[in-house]
Amino acid sequence: MNVYLKENFLLGVASAATQIEGGELHHTWNDWYHKGKILDGSNPARANQHYEKYLEDIRMMQEMKIQTYRFGVEWARIQPREDEFEKEVIAHYRCLIQELITAGIKPLLTLHHFTNPLWFEEKGGFTKEKNIELFLKFVKRMVMEVGDLVEEYVTINEPNIYATQGFYSGNWPPAMKSPKMTLKVMSVMATAHI
């Protein structure tokens, strides 16, 4: 079967850092795993080790003729404590982005994809408007660090899913079941995005 794509149509793939990178990090999903709350027992620290094997993954994308890659950076890895940014981790992501560009793959960077550093979560995360400033500090730092390489960003991936799963149904961290808090989180995330 021949597939004809329109001119300027980009064929791409997407991922989330927590789902693919691996690593025992201090974020909500590693914490969720250690509390025994991931239904299938999957350990985010295992994942498929994209953080170490990104060059292999980029080669496979190149072989598949992928033109764009939407990927996330792991906030808890970059900023493990409120006032600490890991320069080596930022350099790692810059290297990943450079490799994508060299391979002819356009990077589309997601800054938040369902996972919070525990220090941010302990301050109330996106349930509090005052915490927007903390998120923006991270966003500004990342744009400063990779803005010369990245043209497009996803500020917050699916804030409605994050809010409903974590604050309405309680299936994801922090496992609240509050319609009022769900709406509050959606509002705070919308403001953070704007």
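The values are calculated or read from the model by the stated rules, or taken from the named source; none is laboratory data. These numbers come from a predicted model, not from an experiment. Using ideal geometry, Cβ is built from the backbone for each residue, glycine included, and neighbour counts are taken over all protein chains shown. The area values use the complete protein model at the heavy-atom level, side chains included, leaving out ligands, DNA and RNA. Shrake-Rupley method; radii C 1.70, N 1.55, O 1.52, S 1.80 Å.
Expressed as a whole percentage, what fraction of the accessible surface of the range 2-42 belongs to carbon and sulfur atoms when a 1.4 Å probe is rolled over the protein heavy atoms? Write down the numbers at each step before the final one.
On the way: 1560 of 2890 Å².
Percent of accessible area from carbon and sulfur atoms in the range 2-42: 54.
Say we join alpha carbon atoms closer than 10 Å with springs in a Gaussian network model of the chain; which of His27, His112, His92 then has the biggest fluctuation?
Sorting by GNM fluctuation, first place goes to His92.
Among residues other than Leu25 whose Cβ falls under 9 Å from its Cβ, what is the net charge (Lys/Arg +1, Asp/Glu -1)?
Taking every Cβ under 9 Å from that of Leu25, the sum is -2.
Using a 1.4 Å probe on the protein chains only, how many percent of the accessible area of the range 107-157 belongs to carbon and sulfur? Mind showing how you got there, number by number?
Working: 1130 of 2260 Å².
Ligands and nucleic acids excluded, carbon and sulfur give 50 percent.
Near Lys140, which aspartates and glutamates are there with a Cα under 18 Å away, not counting those fewer than 8 places off in the same chain?
Glu74, Glu82, Asp83, Glu84, Glu86, Glu88, Glu129, Asp148, Glu151, Glu152
Let me check against my output: what whole-number percent is the relative contact order of the range 1-110, with C-alpha pairs under 8 Å and at least 6 apart?
Working: 128 pairs, mean separation 34.0, N = 110.
Over the range 1-110, the number comes to 31 percent.
Can you list the lysines whose alpha carbon sits under 29 Å from that of Lys180, skipping same-chain ones fewer than 8 residues off?
Within the straight-line cut-off, Lys180 pairs with Lys35, Lys37, Lys123, Lys128, Lys130, Lys137.
Send over the Kirkwood Rh of the range 25-131, from the inverse of the averaged 1/r over different Cα pairs, rounded to one decimal Å. Walk me through the intermediate numbers first.
Values: mean 1/r = 0.0649 Å⁻¹.
About 15.4 Å for the range 25-131.
May I ask you to derive the relative contact order of the chain, considering only C-alpha pairs under 8 Å and at least 6 residues apart, and to give it as an integer percent?
Numbers: 277 pairs, mean separation 38.6, N = 194.
Relative CO of the chain lands at 20 percent.
Do the sum for the chain: with -39,500 (n - 2.57) for every DSSP H run of n ≥ 4, divided by all residues, what is the mean residue ellipticity at 222 nm, to the nearest 500 deg cm²/dmol?
Numbers: 9 runs with 85 residues, N = 194.
-12500 deg cm²/dmol, from helical runs alone.
Does anyone have the angle between helix 50-63 and the longest principal axis of the chain? Alpha-carbon axes, 0 to 90°, nearest 10?
40 degrees
Enter the accessible area per residue of the chain (Å², integer; probe 1.4 Å; all protein chains in place). Before the final figure, lay out each step's value.
On the way: 10760 Å² over 194 residues.
Normalised by residue count, the accessible surface of the chain is 55 Å².
Which is farthest toward the positive dipole end of the range 55-165 among Pro159, Thr102, Phe120, measuring Cα position about the Cα centre, with Cβ charges +1 (Lys, Arg) and -1 (Asp, Glu)?
Positive-end residue among those listed: Pro159.
Which value, in debye to the nearest 20, describes the size of the charge dipole of the chain about its Cα centre when Lys and Arg Cβ atoms bear +1, Asp and Glu Cβ atoms bear -1, and nothing else is charged?
Working: 22 positive and 25 negative charges, 124 e Å.
Computed charge dipole of the chain: roughly 600 debye.
Among the aspartates and glutamates, select those whose C-alpha is under 16 Å from the C-alpha of Lys65, and discard any that sit fewer than 8 residues away in the same chain.
Partners found: Glu7, Glu56, Asp57, Glu99.
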